[in-house]
Amino acid sequence: MAGWLARLPVRVRLTAWYLGLLAVILATLGSFLLLRLRADLVAETDQVLDTQAVAILGDADAGARLETTPATGVAGLPAGDTAAQLLSPTGTVLDRGGPATPERPLLTPAMVRRVLGGHQVRAEMRLGSLGVRYRVLGLRRAGHGSPTVLVVAAPLSDVDRSVDRLRLLLGVAGPIALVLAGVGGWLLARAALRPVDQMTRQAGVIGTHRLHDRVSVPDAADELTRLARTLNGMLDRIEHGLVEQRRLVADASHELRTPLAVMRAELEVALRADNLPADAAEVLASTAEEATRMSKIVDDLLTLAHRDEHRLELTLAPVDLVSVASAVTTQLRPLADQGGVRLTVRAAQVPSVLADPDGGVEVRVWRADGGAGLTVTDSGPGIAAEDLPRVFDRFSRLDPARSRACGGSGLGLAICKALVEAHGGRIWANSTPGTGSSFVLTLPAEPPAAAHQTTP
């Protein structure tokens, strides 16, 4: 039960605990009121019995018999009437307050002995054919002969009705009060947790491109305020760490460009030598290939660093995406033929978009609202659903079979994402394991107003 309750939302748990505590309080208070009311009403009945007993004793001392006193019988009488008996020390009925009063004694022998011992006896019992509950009082009556026992009784019908009426009111008002209290508790919990909801929404949109954002700090000096300040402090440290990391990548990429360019130039000069042995030429060619690959990685890292620092400048010009797709397909066709892959281009009439011509490669071109879209679809093994969110991460290689010889550095899709977003577009991946993957991007016909761009 506790584990199930712990999985519920906080406001539900708060409301449930509040209702549970309130139900216990109402039940305890209701029980106390019922017991207190009954005790008070029985005490009033006892006072009536005391008064009537004194009156009967006075009449009896004056020589009056109980059947001629104001007391009346029990059986068949309406509720509210009292009854009286005069018992011998052995418990025999000597006199009674009317012919309808029960002939059997109202007190047990043990009660009679207790009364004769000088104690009052008060008890409750059911009398008459209707089984009405009565409050009974037994008193010792001293006379000229042996002492006797006077018994007077009064019905508790009024007491029971009052208690039942209060019980009914509590039974009706209690659930209504719980419902109203539950609604009020829910609203109060929602109001108290509203700052948490706001912080959750604000923290949910903070990403690598919005590291400057912070959660709102409530005005009150409470636990939520400390939580908000702690979250903001954590975001400050994360932002500082990422800024330092990006600065390191940018500085390292910038510093590596010149040495790599020099290395490539020297290798190209060495490869032009006429008397170069074959094995040395093979080694130099492999080294030059690796140097070219490293230069491409450094350029990619520098492009991503400029994007992170919002310094990626685009040279915008009208671009025909159909021509771009066809040109890229032509360039990649020899490589595709080596791998046994057939490349096709399917294009619709789409409007030209303002873009940097070096910014993206796709195979299928289609019309999008306010721009154009590009889609490349393969028939490969596909991408697992849990890996899809990571396909655009930097240095992400989801296929362990891809090596440096046949695969890239893991920056290609990250570069695509950076360039597409710099153009104000969107890029995403769809994949079903076993049937292939599709990478889709859309570009607006007009670039975003906030884009860093230059127009030729």
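Considering only residues that are small (Gly, Ala, Ser) and either free of Cβ contacts under 8 Å to residues at least 24 places away in the same chain or under 10 Å from ARG133 (Cβ atoms) (or both), which ones fall in the stretch 154-164? Scanning the stretch 154-164 gives a single hit, SER157. Scan the stretch 428-453 for residues that are at pLDDT below 75, over 21 Å from LEU321 (Cα atoms) and either among the aliphatic types (A, V, I, L, M) or crowded, with 18+ Cβ neighbours inside 10 Å (or both) and the total you get is 2. Here GLY371 fulfils each of the conditions (1) over 26 Å from HIS306 (Cα atoms); (2) more than 40 Å from the chain's Cα centre (by Cα); (3) at pLDDT 75 or above apart from (1).
Suppose the filter is at pLDDT 90 or above and under 60 Å from the mean Cα position of the chain (by Cα); does VAL12 pass it? No: the conditions fail for VAL12.
For LEU86, the requirement of being in a strand (DSSP E or B), open to solvent by 50 Å² or more (accessible area, probe 1.4 Å) and more than 30 Å from LEU35 (Cβ to Cβ) is not met.
Scanning the stretch 104-119 for residues that are hydrophobic (A, V, I, L, M, F, W, C) and either closer than 16 Å to VAL93 by Cβ or in contact with a strand residue (DSSP E or B) (Cβ under 6 Å, 6 or more places away or on another chain) (or both) yields LEU106, LEU107, MET111, VAL112, VAL115, LEU116. Tell me, yes or no, whether the stretch 225-246 has at least one residue that is surrounded by 11 or more Cβ atoms within 10 Å (Cβ to Cβ), acidic (Asp, Glu), at pLDDT below 85 and farther than 30 Å from ARG11 by Cβ. Yes, some residue in the stretch 225-246 is surrounded by 11 or more Cβ atoms within 10 Å (Cβ to Cβ), acidic (Asp, Glu), at pLDDT below 85 and farther than 30 Å from ARG11 by Cβ. Return yes or no: is VAL363 surrounded by 12 or more Cβ atoms within 10 Å (Cβ to Cβ), among the β-branched types (Val, Ile, Thr), at pLDDT below 75 and more than 36 Å from the chain's Cα centre (by Cα)? So VAL363 passes the test.
Residue-by-condition table, conditions (1) closer than 30 Å to GLY373 by Cα; (2) in a helix (DSSP H, G or I); (3) of a type in the set (A, V, I, L, M, F, W, C); (4) touching a residue at least 12 places away in the same chain (Cβ under 8 Å):
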| site | (1), (2), (3), (4) |
| --- | --- |
| GLU244 | no, yes, no, no |
| VAL262 | no, yes, yes, no |
| ALA265 | no, yes, yes, no |
| ALA285 | no, yes, yes, yes |
| GLU289 | no, yes, no, no |
| ALA327 | yes, yes, yes, no |
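Being over 18 Å from MET125 (Cα atoms) and either at pLDDT 90 or above or assigned to a helix (DSSP H, G or I) (or both): is that true of ALA43 here? Considered against the rule, which asks whether it is over 18 Å from MET125 (Cα atoms) and either at pLDDT 90 or above or assigned to a helix (DSSP H, G or I) (or both), ALA43 comes out as no. Out of the residues in the stretch 415-443 that are part of a strand (DSSP E or B) and of a type in the set (S, T, N, Q), state the one that is farthest from THR377 (Cα to Cα). Within the stretch 415-443, the match that is farthest from THR377 (Cα to Cα) is THR442. Quick one: would you say ARG133 is among the basic types (Lys, Arg) and more than 60 Å from the chain's Cα centre (by Cα)? Considered against the rule, which asks whether it is among the basic types (Lys, Arg) and more than 60 Å from the chain's Cα centre (by Cα), ARG133 comes out as no.
The values are calculated or read from the model by the stated rules, or taken from the named source; none is laboratory data. Computed from a prediction, not measured in an experiment: that's the story for all the values here. No Cβ is skipped: glycine too gets one built from the backbone with ideal geometry, and neighbour counts run over all protein chains shown. SASA here: full protein model, heavy atoms, side chains in, ligands and nucleic acids out. Shrake-Rupley method; radii C 1.70, N 1.55, O 1.52, S 1.80 Å.
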